[in-house]
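One structure is given below, encoded as structure tokens.
The values are calculated or read from the model by the stated rules, or taken from the named source; none is laboratory data. In this text, all values refer to a predicted model and were calculated from it rather than measured experimentally. Ideal geometry is used to build each Cβ from the backbone, glycine not excepted, and the neighbour counts take in all protein chains shown. These accessible areas exclude ligands, DNA and RNA; they are computed on the full protein's heavy atoms, side chains included. Shrake-Rupley method; radii C 1.70, N 1.55, O 1.52, S 1.80 Å.
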Amino acid sequence: MKLKFLALVTALTSAASLAQADVKVGMITTLSGGGAGLGIDVRDGFMLAIKQASRDDIEVVIEDDQRKPDIAVQLADRMIQSEKVDILTGIIWSNLAMAVVPSALAQGKFYLSPNAGPSQLAGKGCHKNYFNVAWQNDNLHEAGGAHANSTGYNNTFVLAPNYPAGKDALTGFKRVYEGELSGELYTKLGQKDYASEIAQIRASGADSVYFFLPGGMGISFLKQYADSGLELPLVGPAFSFDQGILQAVGDAALGVANTSQWSKDIANPTNEAFVASFQAEYGRLPSLYASQGFDTANLLISAVDVADVADADAFQAALKAAEFASTRGDFSFAENNHPIQDVFVREVIKEGDIYTNKIVSTALEDHSNAYVAECKM
């Protein structure tokens with residue numbers, strides 16, 4: 001089912017004033033079906049930042065891609081051709097990003113990614129109008145490899161879904177990991193039954209498991225893994241241990257190490273205010289995705305404050321400067337417009353009745369990405 005609504009930061013007095021918004025943003029994200037929680041959190045974090053800044057010069061049109069590439073392409077075409085948006089954002093899944101982003105860039109639009117960071121758009125497919133505000137897909141997995149090294153794992157079993165982000169995930173882990181692999185599997189995107197994979201892990205002789213299974217896939221795997229009786233330590237990226245997922249997984253996730261560039265306990269004023277205000281606004285703790293939506297909106301606001309989006313060169317420079325206060329603290333862009341930032345190791349804990357994460361170490365400091373040299377802007 002298609003979901004469409006128009007979100008404005010403040011009430012505008014008339015249809016005429018609505019049409020005169022200085023910047024029009026098209027947000028295409030997943031709001032229904034599997035993975036909807038991720039898109040909802042990106043949307044809510046983004047709109048919270050717009051609301052807090054009281055920006056009546058920024059109009060946001062929001063559509064549900066239903067996690068289907070063909071739907072995402074149709075929505076992007078309509079937003080560009082009929083809605084006349086200046087900027088696109090919102091996509092969660094890398095296969096959808098690869099279907100939408102290159103075409104949008106070719107039509108002269110800006111794309112600000114609050115999540116998907118496929119290697120193809122960081123390397124040879126980089127573009128001066130494309131900025132990723134979350135990560136390059138490999139980053140958290142590279143941190144996973146670093147954590148496995150420091151923990152002494154040397155025979156890890158790895159698995160991820162068979163789509164661009166899944167391939168980037170295991171590529172990133174293997175780039176840094178110094179041990180041997182006891183097995184490597186690519187699962188079906190959206191898969192819910194992992195009995196066969198767990199049997200292969202059991203028989204592999206592994207001393208640990210590294211997995212990337214975002215959304216409902218991670219919930220299913222973690223529950224089945226706990227029920228299997230296997231006691232091999234698990235390591236994964238934040239996607240499989242984020243705030244929304246943890247409540248569904250429960251005790252099966254306690255104590256598991258996961259890597260993230262954000263956590264609710266990062267001690268800086270922006271993050272502390274964000275966590276409190278998000279909880280007050282929506283009645284739940286923010287997730288990694290919510291923080292990324294919030295940062296993406298604040299990057300946009302910082303650029304709108306100093307440059308006209310119609311002046312592409314000036315707007316690019318304003319985005320590149322990243323003159324905003326990030327929830328992550330120190331934040332800047334590498335030459336290929338992907339973040340340079342710390343990546344942490346977190347541990348799943350329980351605070352009262354709520355499952356959440358706490359930072360236990362820093363895996364990578366001021367970390368960029370492996371594709372900068374391939375980017376020729």
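Of all lysines in the structure, the ones whose alpha carbon falls short of 23 Å from that of Lys264, not counting any fewer than 8 places away in one chain, are Lys51, Lys350, Lys358.
Across region 81-194, the mean sequence separation of Cα contacts (distance under 8 Å, 6 or more residues apart), normalised by length, yields a relative contact order of 23 percent.
In the chain, the DSSP-assigned H stretches of four residues or longer account for a calculated mean residue ellipticity at 222 nm of -12000 deg cm²/dmol, using -39500 (n - 2.57) per stretch and the full residue count as denominator. Cross-link partners of Lys124 among aspartates and glutamates, defined as those whose alpha carbon lies under 13 angstrom from its own and excluding same-chain residues fewer than eight positions apart: Glu335, Glu374. Take every pair of alpha-carbon atoms less than 8 Å apart whose residues are at least six positions apart; their mean separation over the length of the chain yields a relative contact order of 18 percent.
What shape does region 130-266 take by its C-alpha gyration tensor, where a ≥ b ≥ c are the square roots of the eigenvalues and a/c under 1.5 counts as rounded, a/b above b/c as prolate, and the rest as oblate? Verdict is rounded for region 130-266. A cut-off of 5 Å between modelled amide H atoms, ignoring neighbours fewer than 5 places along the same chain, links Ala334 with Ile340.
As an exercise, use a Förster radius of 45 Å and the Cβ-Cβ distance of Thr151 and Ala106 to find the FRET efficiency, rounded to the nearest 0.05.
Efficiency, from the Cβ-Cβ distance: 0.50.
When the accessible area of region 291-350 is split by element with a 1.4 Å probe, what percent falls to carbon and sulfur? Spell out each step's value before the answer.
Values: 900 of 2010 Å².
With neighbouring chains kept in place, the figure for region 291-350 is 45 percent.
When DSSP beta bridges are restricted to pairs lying wholly in region 141-277, around 0% turn out antiparallel. The phi-based Karplus calculation (6.51 cos²θ - 1.76 cosθ + 1.60; θ = phi - 60°) puts the 3J(HN,Hα) values of region 186-197 at 10, 9, 6, 4, x, 4, 10, 10, 10, 4, 5, 5 Hz, whole numbers, x for Gly and Pro.
Just so you know, the Cα atoms of region 10-151 work out to an Rg and Dmax of 16.3, 61 Å.
Tell me, what is the percent relative contact order of region 243-328, built from C-alpha pairs under 8 Å that lie six or more residues apart? Averaging sequence separation for qualifying contacts and normalising by length gives 32 percent for region 243-328. For Met98, the solvent-accessible surface computed with a 1.4 Å probe is close to 60 Å², ligands and nucleic acids excluded.
Using θ = phi - 60° in the Karplus curve 6.51 cos²θ - 1.76 cosθ + 1.60, the 3J(HN,Hα) couplings for region 315-326 round to 5, 4, 5, 5, 5, 4, 5, 6, 8, 9, 8, 7 Hz; x is entered for Gly and Pro. Rounded to the nearest 10 degrees, the inclination of helix 216-228 to the longest alpha-carbon principal axis of the chain is 20 degrees. Between 0 and 90 degrees, the angle of helix 269-282 with respect to the longest Cα principal axis of the chain falls at about 80 degrees. Taken over the alpha carbons of region 87-204 as equal point scatterers, the Debye sum produces base-10 log I(q)/I(0) values at 0.15 Å⁻¹ of -0.73. Return the whole-Å distance between the Cα centroid of region 218-272 and the Cα centroid of region 294-345. First find each Cα centre; the distance between them is then 28 Å.
Across region 347-360, computed HN-Hα scalar couplings (Karplus, 6.51 cos²θ - 1.76 cosθ + 1.60, θ = phi - 60°) run 10, 6, 10, 10, 10, x, 9, 9, 7, 7, 10, 10, 6, 10 Hz from first to last residue, x flagging Gly and Pro. Ligands, DNA and RNA left out, the accessible area of region 166-269 computed with a 1.4 Å probe is 50% carbon and sulfur.
Close amide-amide hydrogen proximity is noted between Gly35 and Gly216, each under 5 Å apart and 5 or more residues distant or on a separate chain (H modeled in the peptide plane; Pro and chain starts excluded). The angle separating the long axis of helix 164-176 from the principal Cα axis of greatest extent in the chain is about 60 degrees. Put the Cα centre of region 99-165 next to the Cα centre of region 54-86 and the gap is 22 Å. Accessible area per residue for region 75-140 is 26 Å², calculated with a 1.4 Å probe on protein heavy atoms, without ligands, DNA or RNA. Accessible area of Tyr194 (1.4 Å probe, protein heavy atoms only, ligands and nucleic acids ignored): about 0 Å².
Here the chain carries DSSP beta bridges of which approximately 40% are antiparallel, counting only pairs with both residues inside.
Hey, if we sort Phe241, Phe324 by accessible area with the 1.4 Å probe, largest down, what's the order? Present the calculation step by step, with values, prior to reporting the outcome.
Details: Phe241 0, Phe324 35 Å².
Descending accessible area places them as Phe324, Phe241.
The amide H of Asn115, built 1.01 Å from its N in the peptide plane, has Val133, Ala134 as neighbours under 5 Å, considering only residues 5 or more places off or on other chains. Taking the DSSP beta bridges with both ends in region 23-149, the antiparallel portion is around 0 percent.
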